Structures are given as C-alpha cells and as structure tokens.
Amino acid sequence: MCGIFGYIGEKKDAGEIVIEGLKKLEYRGYDSWGVAMQTGMGMKLKKDIGKISGVSAKDVSDVSSLAIAHSRWATHGGVTKENAHPHLSQDGTIAVVHNGIIENYEELKKELMNKGHTFASQTDTEVIPHLMEEYRKEGMSLQDALRTACGRFEGRYAILAFDATDHTLVAARTGSPLIVGIGKGEYFIASDIPAFLEHTRNVHYLDDGEMVWTDGKKIHFSSIETGEEKQKRTINISWKAEDAEKGDFEHFMMKEIMDQKESINRAVHQDDKEILRVAKEIETCLGCILSACGTAGKVCMAADYFFSVVAHRHVNYVASSEFKIYHHFLKPESLLIVVSQSGETADVLEAMKVAKEAGSKVLAIVNVEGSSIYRAADFALLINAGPERAVASTKAATGQMAVLLLIAYAVAGKLNEGRTLLLETGAKINDMLNPRYIEHIKGIAQKIHTHENLYIIGKSWNYPMALESAIKIQEVSYVHAEGFAAGELKHGPIALIEEGTPCIALMGNDEMTADMLSNIMELKARGALIIGVSPERYDSFDFWIKVPDSGPAQPIVNIIPIQILAYFLAVLRGKDPDMPRNLAKSVTVK
Ligand code: F6R
C-alpha cells in the first residue's frame, strides 16, 4: 500500500519524472499525494489531498535532478494535506516518503519532543526525518543516519529520503517492497516496477533488511543491521512499458478483462519439467495446504475442487490471515502453496514464515517476478499475466486458476490433457469476449444497477466463483453482493430474497445441473430475478449469459462475465472501477 518513487540522475526534470511515474503506482493508494525536490533554492515541497492522476506534473515541478514522491493509503492520521508525504525534518532539510507502519512511533515521538522537536502531522512517518536529523547533527552521513534510525524502528517499512544539502538518494526496506531501476546516468527507486518501466527494464531487488544509497553515478547496497556492503545481481524483467498502459480503454479494469483473450494461453505456457516437479512434491508431501488472500484465496478454493475432481488428491485451503494457527499441523514433509498476484501481500508472507519455521516447503504461484513472495519461496511459478493495475484482480485470477488446474492434471498424470483443455478454453474465451457479448452484459447491468442487494450461487467449483463474484461486485460497485453454496440457501440466506432481487446462478454442463435448477426454482418461487451464467439456457432464467462448455475449466470461464458485469455496475453507478474507495492494490500491511 502507498506508492513511493524517487529519482536521481542527469536529467533536470526529476519532479516531473517522479510524479508521472507515481501515476502508474496510484493503484497502491490514492487519497493524497506529494513530492519533494532538491532545487538550486533548497528543498521544494508540494503536497495535497486527492488523486495524483489529476495533478499536472509540469505545474508542480521545478528544475531538479533529485526528487521523491508518494501517493498515500492512509493508516495513521486522516486524509489531510498535513498527513500527506513527504514529511520533513525539524530544520526542513531532510525529506522522507514511507510505505508501511512504524509501530513504535509514539515512543520515538515523545523522545524527539523532549529534545524540542515539533510535529506537523498525525503520521508515524514524521518521526523518520526528525530522528535522521538528530543523527545528522552527530555528524553521520545521510546513509548512516538512515541506517541508525532504522535500527530504532519496529514494524514494516520502505523508506526513501534525501537531504537538500547532499546530492544523495537513500532508501531502506524491511517488509515493504523496494526496487531499484538502473538507467544511463540515473537511478530510480520505487515500490513497484511500472513506475520506471518506460525508462528501464534493468533492476536490482532490495531484500528485507537491506538499504541502498546513490549519488546518481555509483550505487551502494548494504545490510541495515551490520552496514556491510553487498553486491546485487542485475535482473532484466520481461514486462514491456505498453503492457502497463490502458491503450484505448477507458479503465484498466476493462483492459485487463479483455487481456484474458490471451492471458490464459500465457499462463499455460509453463516448463513441463517445473510442472512435473511441483506435481511430484504434491504427490509425495505429507499434507498440502493452499493459502492466499481475497480473490487469490477464492482461486485456491476452486483449486481444492480441481485437485479433488481431477487428481483425487486432498488439498486444503486456509486464508493466509488465518494461517498461523495451522502451525500445529505443519511438518518438514508438509507443502504450502501460496498464490498471489502482487507477490507482496503481508498476510501471505507471514503464512510463509510460519511454514518455514516448521521446516515445510513453500511453492509460490505469482504474477510479479522478483517480488518478495517469489523470492522467499523454495520454488515459484509465474502466471505471466503481465502488469495488473486495476485494483480488482481479473486476468491474474484466471491465470492463477489455469496454472493450478494444469498442476492438478499433472498430479493425475495427464499433463497434456490438461494443457489441451486450457488452450481450448483460452480460444473459447477469445471468441466469447466480442463486442456483442460485452453489450449484452452491459444491458443486464442497466436493468439491475439500481438494486442494492445481489446474490450469487454456485455448486462445486462454481461455489468459490460465487464468492469471488461477490468480491468483484462489492469492491467496484459498492452493491451489497453475497455468494453462497447453492445448497446452503434454504438453511438461512433465502430469507433475504424479495420480489425482484437479482440472483446470479453460475453453472456448468455437469452433474450439479439438476441440483442447481432446484435451487434456482426455490429462489424464483420467492420472487428472485434469475441471471443464469451457463452453457445451456433454462426456462427458469430471466436473463441468460452464455458461456462455453469448458469441463473442469468452467470456473475460469464463468467468472469473466461477472467481471464485466461488476465493471458496468460500477460505471453505471458513477464509481471509478480502477480505484475503489478504501482499497489499494497491494496489501503490504497485516
Ligand atoms: C480483489 C483483489 C484482492 C486480492 C488480495 C490478494 O479483486 O484483488 O482481494 O486478491 O488482496 O492480493 P495478491 O493476489 O496480490 O496477494
């Protein structure tokens, strides 16, 4: 959460570079923004509430070759101009942007106030420049001041800082991501790659407990704890700048939904040897647990069914935020499979730590190569979805399901059959996502967008998709949506149904059909308006969204029209689907 971006180099428009780059990280937080520049006249600071996308970089920038910027997702202190980053030291010379939480900030603040410091914000962040200033007064270099300050912090952080009197950019990381982009005569440091993708694809990943400082010509890495300098490997990343742009689409969410015409094929494009290795680990381990958060968690729930139906193998799902208690079951022979788009989710990293402490192996299925989860795992598979910038996960979710279904087929000894099914499914999705189809779903959204309650039902692997449908609709349109296992309705939730309540039924061409039709009739008898997402049309449907018959890949196909419906519900209700209220893309706090 929170986007941070810094630049140092030969160019004279550092302010513009960091603001434009930060616009590409806005999915990480968007309640306020700010930029600090080193100029010929000293420190120049601009900040405000609202989204950075509305800011003209030219208007707020000055001639500068060193700048840091921030877009905020508030944790400590409300959304005010005072609480927006960067924060300055007492003497106004040190500027800091920060992502994460300094848990012991109150204690540090008291200590600093006793030394005469005054604070302008309610944030935890403001103690950082003030503490650095104290160490600078003792004669420390900027990097030593940051290192010493970090030694006092409890919590998670990614920090970027500079001093108006010293042409050096410093950064440190513990628990929140930081990546260094290497340009020609310039360096970029950001919380995510899209910030500098148009400038360079060569990166260094900072690990937890590491810091970096650069004067724009040379770069140094060291351990925060010992100060010992380190060499870092340069990694060339495969994402292209245009992958992170929305092109002709009005919103990233729709662009990323449409990317699913190709992204399933890219997800299936895996090295056979790696997939067979993973399959072997699953076969030989004593207990395999899947863990993730939010949408990725619903993907894992669908994978439970994949492993059961396709591979006859028992695999459990546990939400990462609930994982800790499972340490009683973990052994060195256990296998934890974590799934994450960003590869930075704090609860997932915490679950991995619990498993590692028990000596268990960890496999990660991620979208972002080089992310914290990717690097912390014993082995990792990429879903190759390309950058996902809308807050709502769409193409990453279907890519994750494709990889997990492929693994289930490999465990069953039918890898080729699985690949063929998924490639055929990719082709069917390509056909399905045509303009007429999109218009049809928009038409249904127009009929139901004023309803405040909406329910979704499914059985088998369509049950987790009912839960995922609810997440998609809730987060972008703010309609109260809830998903249920279809058979559970009569045990309570059916009391919610009134005349005209929209209910979505997710179906396949499978042995669940008869039961689903009975459950639909129960809803209809109470006045529900039924939207059937199914390969076949049934009389009980008021609206039918046709989906291709896809066998075990049905949940991958079925969630796509719901993503489209959620998108149109948001737009018709006047909401921005790319930046829903209260949310951020990468949840790096617990
Ligand atoms: C919802 C959504 C979130 C994420 C969750 C995990 O559309 O995107 O629920 O799925 O925050 O994020 P990752 O996959 O990055 O670990």
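The values are calculated or read from the model by the stated rules, or taken from the named source; none is laboratory data. On a predicted model such as this, the values are computed, not experimentally measured, just so you know. Reconstructed Cβ throughout: ideal geometry from the backbone, glycine too, with neighbour counts over all protein chains shown. All accessible areas refer to the heavy atoms of the entire protein, side chains included, with ligands and DNA or RNA removed. Shrake-Rupley method; radii C 1.70, N 1.55, O 1.52, S 1.80 Å.
Taking label positions 7 Å along the Cα-Cβ direction at both His312 and Leu496, the computed distance is 3.8 nm, reported to one decimal. Over the Cα atoms of region 3-243, Rg to Rh with Kirkwood Rh, two decimal places? Computed over Cα atoms, the ratio is 0.93. Here region 512-559 is described by how far its Cα atoms reach on the three principal axes: 32, 19, 16 Å, from widest to narrowest.
Here the 3J(HN,Hα) profile of region 189-196, calculated from phi with Karplus coefficients 6.51, -1.76 and 1.60 at θ = phi - 60°, is 10, 9, 7, 7, 4, x, 4, 10 Hz, Gly and Pro shown as x.
In the distance distribution for region 361-430, Cα-Cα pairs more than 17 Å apart total 51 percent. Take each peptide in 335-345, 562-572, count the other Cβ atoms within 10 Å of every residue, and average; sorted highest first, the result is 335-345, 562-572. Applying 0.36 nm per residue to the separation of Phe249 and Glu439 and subtracting their alpha-carbon distance, the gain on full extension is 66.9 nm. Of all lysines in the structure, the ones whose alpha carbon falls short of 25 Å from that of Lys324, not counting any fewer than 8 places away in one chain, are Lys298, Lys353, Lys356, Lys361, Lys585, Lys590. What a 1.4 Å probe finds exposed on region 355-409 is 45% carbon and sulfur by accessible area, rounded to a whole percent. For the chain, the share of alpha carbon pairs falling in successive 20 Å distance bins from zero is 21, 50, 26, 3, 0 percent.
Computed 3J(HN,Hα) for region 201-207, one whole-Hz value per residue from the Karplus formula 6.51 cos²θ - 1.76 cosθ + 1.60 where θ = phi - 60°, is 10, 9, 9, 10, 8, 7, 8, glycine and proline marked x.
The equivalent ellipsoid of region 369-475 has semi-axes of 29, 19, 15 Å, largest first, where each one is the square root of 5 times an eigenvalue of the Cα gyration tensor. Restricting the GluC sites (Glu not before Pro) of region 477-527 to loop positions (DSSP other than H, G, I, E, B) with no more than 15 neighbouring Cβ atoms within 10 Å leaves Glu498, Glu499, Glu511. I'd like the distance separating the alpha-carbon centroids of region 150-186 and region 275-303, in whole Å. Region 150-186 and region 275-303 have Cα centres spaced 35 Å from each other.
In a DSSP loop and with at most 11 other Cβ atoms within 10 Å, the GluC sites (Glu not before Pro) in region 109-203 are Glu138.
Here the average projected area of the convex hull drawn through the C-alpha atoms of region 217-338 stands at 13.1 nm².
Need one number: nm distance between label points at Lys356 and Leu572, each 7 Å from Cα along Cα→Cβ, rounded to one decimal. Using points 7 Å along Cα→Cβ, the separation is 4.7 nm. Across region 493-507, computed HN-Hα scalar couplings (Karplus, 6.51 cos²θ - 1.76 cosθ + 1.60, θ = phi - 60°) run x, 4, 4, 7, 7, 10, 4, x, 5, x, 10, 9, 10, 9, 9 Hz from first to last residue, x flagging Gly and Pro.
Over region 457-517, all Cα pairs binned in 10 Å intervals from 0 give whole-percent P(r) values of 22, 53, 24, 1, listed from short to long. Sorted largest first, the spans of the alpha carbon positions of region 309-411 along the three principal axes are 37, 31, 21 Å. Residue ranges 530-539, 280-289, 405-414 sort as 405-414, 530-539, 280-289 when ordered by packing (mean number of other C-beta atoms within 10 Å per residue, highest first).
With a cut-off of at most 12 other beta carbons within 10 Å, and DSSP calling the residue loop, which trypsin sites (Lys or Arg not before Pro) in region 450-531 qualify? Please list them. In loop regions of region 450-531 (DSSP not H, G, I, E or B), there are no sparsely surrounded trypsin sites (Lys or Arg not before Pro). Cα centroids of region 346-389 and region 399-424: 20 Å apart. Legend: residues Asp515, Asp431, Asp243, sorted from most to least accessible area (1.4 Å probe; ligands, DNA and RNA excluded), read Asp431, Asp515, Asp243.
In this structure, the amide hydrogen of Ser64, modeled 1.01 Å from its nitrogen in the peptide plane, lies closer than 5 angstrom to those of Asp13, Ala14, Gly15, counting only residues at least 5 positions away or on a different chain.
Close amide H contacts of Ile504 (hydrogens built in the peptide plane, cut-off under 5 Å, sequence separation of 5 or more or a different chain): Tyr455, Ile456, Ile457, Ile531. Principal semi-axes of the equivalent ellipsoid, √(5λ) from the alpha carbon gyration tensor of region 434-578, are 21, 18, 14 Å from largest down. Taking amide H positions as modeled 1.01 Å from N, with prolines and chain starts lacking one, no residue 5 or more places away or on another chain lies under 5 Å from Ala319. Taking 20 Å as the straight-line reach from the Cα of Lys273, the aspartates and glutamates in range (excluding those fewer than 8 positions away in the same chain) are Glu281, Glu283, Glu369, Asp378, Glu417. P(r) tail, region 249-312: Cα-Cα pairs separated by more than 16 Å, 66% of all pairs.
In region 247-433, the C-alpha radius of gyration followed by the widest Cα-Cα span (Dmax) gives 15.8, 51 angstrom.
Membrane-span-like helices of the chain, defined as complete DSSP H segments with a Cα extent of 27 Å or more along the helix axis and a mean Kyte hydropathy of at least -1.0, are identified as 554-572.
Based on protein heavy atoms only, region 247-433 ends up with 36 Å² per residue of surface accessible to a 1.4 Å probe.
Compactness of region 38-82 was expressed as the Cα radius of gyration divided by 2.2 N^0.38 Å, which yields 1.30.
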